[in-house]
Amino acid sequence: MPNLTITLLGSPKIFLNGELCSFRTRKVVALIAYLVVTQQIHRRESLVTLFWPESDAKRGRSSLRQTLIRLRRVLGDDWFDIQRHTVGLNADADITVDVLRFRELLGIESHVAYEEAIQLYHGDFMMGLALRDSPLFDEWQYFEQGNLRQALAGALETAVSL
């Protein structure tokens, strides 16, 4: 069975079966990150608004369609549920995401879990990835980064006291 691993703590990296994936645009990586972190099904219109706010509806839908084609070209069809009106994760896909594991470990109150969570934190959330024309995405990324940084500070403080 194929394996998809996504690291978003630090510089974002996506590995398919252990091989680093390369994408032609940052928006593909940003879209993947948004889908895996939010873990929701999103309406295409909302994704267009998030990633292409300056585009008219037709051009925005076309840009999203092209981004999804690029995503599928590299990763295939196993990981994401891409429908006519919605896009999300495939519920059956086994995707390893460091951010999700980090949050899961912080929910376990043990020294070992906190140590493992701290080891996962290789840098700020999606460090070095910015989209110059997507202020709503940048805002989401900024708040996720702040929340994760705060969670790390709490984990460090708790790990010392355990």
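The values are calculated or read from the model by the stated rules, or taken from the named source; none is laboratory data. Note that the structure is a prediction, hence the values are computed from the model and not measured. No Cβ is skipped: glycine too gets one built from the backbone with ideal geometry, and neighbour counts run over all protein chains shown. Keep in mind that these areas ignore ligands, DNA and RNA; they rest on the heavy atoms of the full protein, side chains included. Shrake-Rupley method; radii C 1.70, N 1.55, O 1.52, S 1.80 Å.
When Val160 is tested against the conditions (1) at pLDDT below 95; (2) of a type in the set (A, V, I, L, M); (3) crowded, with 18+ Cβ neighbours inside 10 Å, the lone failure is (3). Only residues that are part of a helix (DSSP H, G or I) and surrounded by fewer than 18 Cβ atoms within 10 Å (Cβ to Cβ) were counted across segment 21-37, and they come to 1.
Determine whether Arg24 is under 17 Å from Leu129 (Cα atoms) and among the basic types (Lys, Arg). Spelling it out, Arg24 is indeed under 17 Å from Leu129 (Cα atoms) and among the basic types (Lys, Arg). Taking Ala113, is it open to solvent by less than 80 Å² (accessible area, probe 1.4 Å) and free of Cβ contacts under 8 Å to residues at least 24 places away in the same chain? Considered against the rule, which asks whether it is open to solvent by less than 80 Å² (accessible area, probe 1.4 Å) and free of Cβ contacts under 8 Å to residues at least 24 places away in the same chain, Ala113 comes out as yes. Across segment 107-162, the qualifying residues are those that are farther than 26 Å from Ser46 by Cβ and hydroxyl-bearing (Ser, Thr, Tyr), and the one among them that is farthest from the chain's Cα centre (by Cα) is Ser161.
Inside segment 1-20, residues that are of a type outside the set (A, V, I, L, M, F, W, C), out of contact with any strand residue (DSSP E or B) (no Cβ under 6 Å at 6 or more places or on another chain) and buried (at least 16 other Cβ atoms within 10 Å of the Cβ) make up a count of 2.
Selection of segment 145-157 for residues being touching a Phe, Trp or Tyr at 6+ places or on another chain (Cβ under 9 Å) and open to solvent by 90 Å² or more (accessible area, probe 1.4 Å) yields only Arg149. Among the residues making up segment 123-140, a single one is open to solvent by less than 10 Å² (accessible area, probe 1.4 Å), under 11 Å from Thr49 (Cα atoms) and not in a loop (DSSP other than H, G, I, E, B): Phe137.
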